[in-house]
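Participant: To start, I am sharing the structure in question, which I have written as structure tokens.
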Amino acid sequence: MSEGMDTATQTVDSSVQKSAWILAAIAVIEGAWVIMNFYVNGAKFIAYLGFAPGKSGSVSGWIAAAVVTAIFVVLSLRLPSVRANLFRPSLLKLLGLAVAISAGILEEAVFRRWTMNWIMQQGMGDVMQVLGSAALFGLLHGVWGLFGGSIRAAFGATLATGFLGGMLAVVFLLSGRSLAPCIAAHFFINALAEPGLVLAATRGEMGSLHAKSISPILSP
């Protein structure tokens with residue numbers, strides 16, 4: 001009996017440790033890009049992100065960002081690790097906040113502005129821009145499902161994050177191509193759900209019955 005409990009405890013500790021390393025690595029790598037840009041470009045970088053007078057987007061864009069945030073946080077609560085860590089103070093939550101800042105800025109610049117502007121420059125319209133942003137976002141986040149050793153979870157992660165990427169792309173368009181509402185939505189989703197999502201990935205929850213329905217796996 002005690003041996004079984006010890007094994008379970010070791011498994012829990014191992015998944016928490018692994019999740020902490022993953023979050024720390026993401027925060028350092030993506031945070032370095034953000035810090036470098038703030039250092040080199042200062043106020044210009046802030047304006048580029050949309051946090052400046054006349055560049056912060058439209059009311060409809062901010063409303064859409066709030067709706068997207070609510071939908072994906074609620075959906076992610078289907079995962080036990082997300083429910084357990086939604087508001088719980090911990091090292092993982094602190095690391096999740098660091099990731100929320102760095103990923104919210106870098107990933108929105110890459111997957112929304114850079115990707116969608118490039119597609120637009122190829123002469124394609126809004127629909128293709130949304131689909132392109134969604135596909136790239138989903139494919140690059142599908143790896144999260146593999147942390148639990150499940151191809152099924154990786155496929156689910158790709159679909160879920162692809163759907164989220166598409167919704168954030170719509171927010172980008174509704175905001176007049178301002179990144180500010182997208183960054184805010186990305187930040188709050190990551191800040192609330194990220195530690196639990198990474199734990200769910202390392203524990204294999206994304207391939208279990210708990211993850212049968214679409215559940216967002218937003219990470220860097």
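Participant: Filter the helices (runs of 4 or more DSSP H) completely within segment 50-152 down to those with at least 1 residues that are modelled with pLDDT of 95 or more, more than 30 Å from G204 (Cα to Cα) and of a type in the set (D, E).
Facilitator: Output list reads 126-141.
Participant: Report, ordered by the first and then the second residue, all pairs with beta carbons closer than 6 Å, sequence separation of six or more or different chains, a first member in segment 34-48 that is within 20 Å of V99 (Cβ to Cβ) and free of Cβ contacts under 8 Å to residues at least 40 places away in the same chain, and a second member that is of a type in the set (S, T, Y) and loosely packed, with under 11 Cβ neighbours inside 10 Å.
Facilitator: none
Participant: In segment 75-130, which residues are in contact with an Asp or Glu (Cβ under 6 Å, 6 or more places away or on another chain) and within 15 Å of H186 (Cβ to Cβ)?
Facilitator: Result: G96, V99, S102, A103, L106.
Participant: Considering only segment 170-214, how many residues are closer than 15 Å to T69 by Cβ, touching a helix residue (DSSP H, G or I) at 6+ places or on another chain (Cβ under 7 Å) and either part of a helix (DSSP H, G or I) or at pLDDT below 85 (or both)?
Facilitator: 19
Participant: Here is a list: A100, A157. Which entry is farther than 29 Å from V59 by Cβ and crowded, with 21+ Cβ neighbours inside 10 Å?
Facilitator: Going through A100, A157 in turn, the sole match is A157.
Participant: Looking only at segment 68-96, count every residue that is more than 23 Å from A27 (Cα to Cα) and exposed (fewer than 13 other Cβ atoms within 10 Å of the Cβ) and tell me the total.
Facilitator: 1
The values are calculated or read from the model by the stated rules, or taken from the named source; none is laboratory data. Keep in mind that what you see is a predicted model, and the values were worked out from it rather than measured. Glycine also receives a Cβ, built like all others from the backbone with ideal geometry; neighbour counts cover every protein chain displayed.
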